[in-house]
Every structure is written in structure tokens, then in C-alpha cells.
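S.K.: Structure incoming, see below.
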Amino acid sequence: MCRRPAKFFLLPLAALLLGACGLLEAEPFIEPVREADINRILNNRATINLRHYSRSPAFTHFVIFYRIYVSNVDIPTTTTATFPTISSALAADFNAIAPFIDSDTMFGTNMHHLFSGRNFRYLTVRPSPSSASVNDVLLPEIGTGNIVEFDFTHSQGIPVIRVDTAEHYLWRATGHAGISFSPQPDRYFRNSDGLRARGNINLQFNADVADTPAAVAEITYVAMFIVAVGMDPNTFANIYSTPSLIHVFQLPPL
């Protein structure tokens, strides 16, 4: 009788034993914010209902990635169908990210690398007088039981985030992956000559802005995505949910 070499059975047996001992464990799953929990209004408001968010034991916090786009068109209601009209860069970014949204199979991707590779930055907010530094309010009070509102209306003046009763001015980043830059003309999300100026759209100043080939462009938009973050208890590395589009907002004038 022919006998199979024992080596063919070693790897399956080892995997079974390691799994039984808890040495081979899958990366924890981080629940995403579902599209159904996001309400987008015209081109200037959005709300996220986190009251029913299913928080896993590995969950730690939310992050919001953003990128600003210079445009030559005024779109009163921004939808995915209008993205190519607003900006070819916006359309390309969204098409690269869209397969991950509400996906049940595309989890496990490092979202920091995905968004950084497309020149997105981390949203922050202006610190309140009671905050020691901006790091204390990178995402103010956003918990898993909140209603979060983004308001970019012209009447508001400066775009804000509201978390239940708390309100903060939205702030652009000043650095990413250890490289700093100086947003022009300031850190607020407002449309201005300084924001759109081609001489400022570079890694030194407006590293969070995508230019347009249009000769005349006087409008700006910002795309924002929310991602839940957790920590792998085995490796202590960050792990991520799949992303959800918050909205593409038109920036109010300076």
C-alpha cells in the first residue's frame, strides 16, 4: 500500500493546533457607519445618526478624512452623479473609494494608507478656550450615541460641527504623516482667493487642495468621509472600518 509523506499533513495540523490555542486569531471587525444613517441636505448640510451604531470591543474612535477641490461650477445639490461635473479629481477619488462603502467583503484595508495615497487629510476642529491644545478636540465629543451635524451654510459664516448641543469650528489640517504645511489663507473651510491660488496648491501650503484645469475657477468643495478606528489587541495596531461618505460640501465665501 502506498503511504503519503507525513509532511503533507503538518501544515493543516499546525494551523488547527495554533487556532485551538488562540495563537491564530482573525483581526477584530470594526463596524462602519452605514450609509442609511447619513442624511445629506443640498450642498451644505449633513447629519450622522450614531445612536444605533454597533460598537465592537475593539472600537476606539472615529476619524474624518477630507480633501478640498477647486471647481468652476455651482452645484446646488451635490450627489455622486454631479461629482465629475464638479471636479475630475473628485470623481477619480470617489471612484477609488466607492467599492469600500457599505461593503461586507472589503474590510481589513488600512484606511490611513488608502486616503493618504489620494492626498486626503485628517479633519480637526478649533480648540475651545477650555482645551489645552487642538489634540484634545480632534473629534469633539463624537461618541457612539450622538447625532452629528455638519453645517456649511452661508448664514453660518464659518462651517461648524455640532455634536448634540456642542458646536465647534471645523479646521483644516496643518500636517500629515509627519510633514507639516501652512494652509492659506487660514485654517477655516471658506472659499477664497488664497485657497484657490495655484501658487498655494502645493505641499508647502495648501496640501489639502486639488486644483482644476479650468482657466477660471471661483468655487470650492470639500469631500468628507468618516471611518471608525479600533485597536487590534494582539498587535496593538490600528484597524479600520470601511468608509462612509458624509457629503461633498460647497465652501461658503470668506
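The values are calculated or read from the model by the stated rules, or taken from the named source; none is laboratory data. What you see is a predicted model; the values in this text were computed from it and never measured. All Cβ positions, glycine included, derive from the backbone under ideal geometry; neighbour counts span all protein chains shown.
S.K.: Kindly establish whether Thr78 is part of a loop (DSSP other than H, G, I, E, B) and at pLDDT below 95.
M.R.: No, not satisfied.
S.K.: Then there's this: So which of Phe225, Phe189, Phe205 is buried (at least 18 other Cβ atoms within 10 Å of the Cβ), among the hydrophobic types (A, V, I, L, M, F, W, C) and over 29 Å from Thr47 (Cβ atoms)?
M.R.: Phe205
S.K.: Might you let me know whether region 25-45 holds any residue that is within 33 Å of the chain's Cα centre (by Cα), at pLDDT below 70 and in a loop (DSSP other than H, G, I, E, B)?
M.R.: First, the residues of region 25-45 that are within 33 Å of the chain's Cα centre (by Cα): 25-45.
So of that shortlist, the ones also at pLDDT below 70 come out as 25.
With in a loop (DSSP other than H, G, I, E, B) added as a condition, the list becomes 25.
Within region 25-45, one or more residues are within 33 Å of the chain's Cα centre (by Cα), at pLDDT below 70 and in a loop (DSSP other than H, G, I, E, B).
S.K.: For residues that are in contact with a Phe, Trp or Tyr (Cβ under 8 Å, 6 or more places away or on another chain), within 23 Å of Val63 (Cβ to Cβ) and among the polar types (S, T, N, Q), tally how many sit in region 165-223.
M.R.: Residues that pass the stated criteria total 4.
S.K.: If you take the residues of region 154-165 that are under 23 Å from Val33 (Cβ atoms) and surrounded by 15 or more Cβ atoms within 10 Å (Cβ to Cβ), which of them is modelled with the lowest pLDDT?
M.R.: So, considering only residues that are under 23 Å from Val33 (Cβ atoms) and surrounded by 15 or more Cβ atoms within 10 Å (Cβ to Cβ), the one modelled with the lowest pLDDT is Val163.
S.K.: Please specify each residue of region 83-125 satisfying the condition of being in contact (Cβ under 8 Å) with a residue 40 or more places away in the chain, of a type outside the set (Asp, Glu) and within 12 Å of Tyr221 (Cβ to Cβ).
M.R.: Answer for region 83-125, where residues must be in contact (Cβ under 8 Å) with a residue 40 or more places away in the chain, of a type outside the set (Asp, Glu) and within 12 Å of Tyr221 (Cβ to Cβ): Phe83, Ile86, Ser87, Ala89, Leu90, Phe94.
Here's the yes/no breakdown for (1) at pLDDT 90 or above; (2) assigned to a loop (DSSP other than H, G, I, E, B); (3) among the charged types (D, E, K, R):
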site	(1), (2), (3)
Arg67	yes, no, yes
Ala89	yes, no, no
Leu114	yes, no, no
Asn119	yes, yes, no
Ser128	no, yes, no
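S.K.: What number goes with the only condition from (1) touching a Pro at 6+ places or on another chain (Cβ under 8 Å); (2) at pLDDT 85 or above; (3) surrounded by fewer than 16 Cβ atoms within 10 Å (Cβ to Cβ) that Arg51 does not pass?
M.R.: Every condition holds for Arg51 apart from (1).
S.K.: Quick check: is even one residue across region 64-74 surrounded by fewer than 17 Cβ atoms within 10 Å (Cβ to Cβ), within 29 Å of Arg196 (Cβ to Cβ) and of a type in the set (Asp, Glu)?
M.R.: The answer is yes; a qualifying residue exists.
S.K.: Of all residues in region 208-234 being farther than 21 Å from Thr174 by Cβ and polar (S, T, N, Q), which is modelled with the highest pLDDT?
M.R.: Thr212
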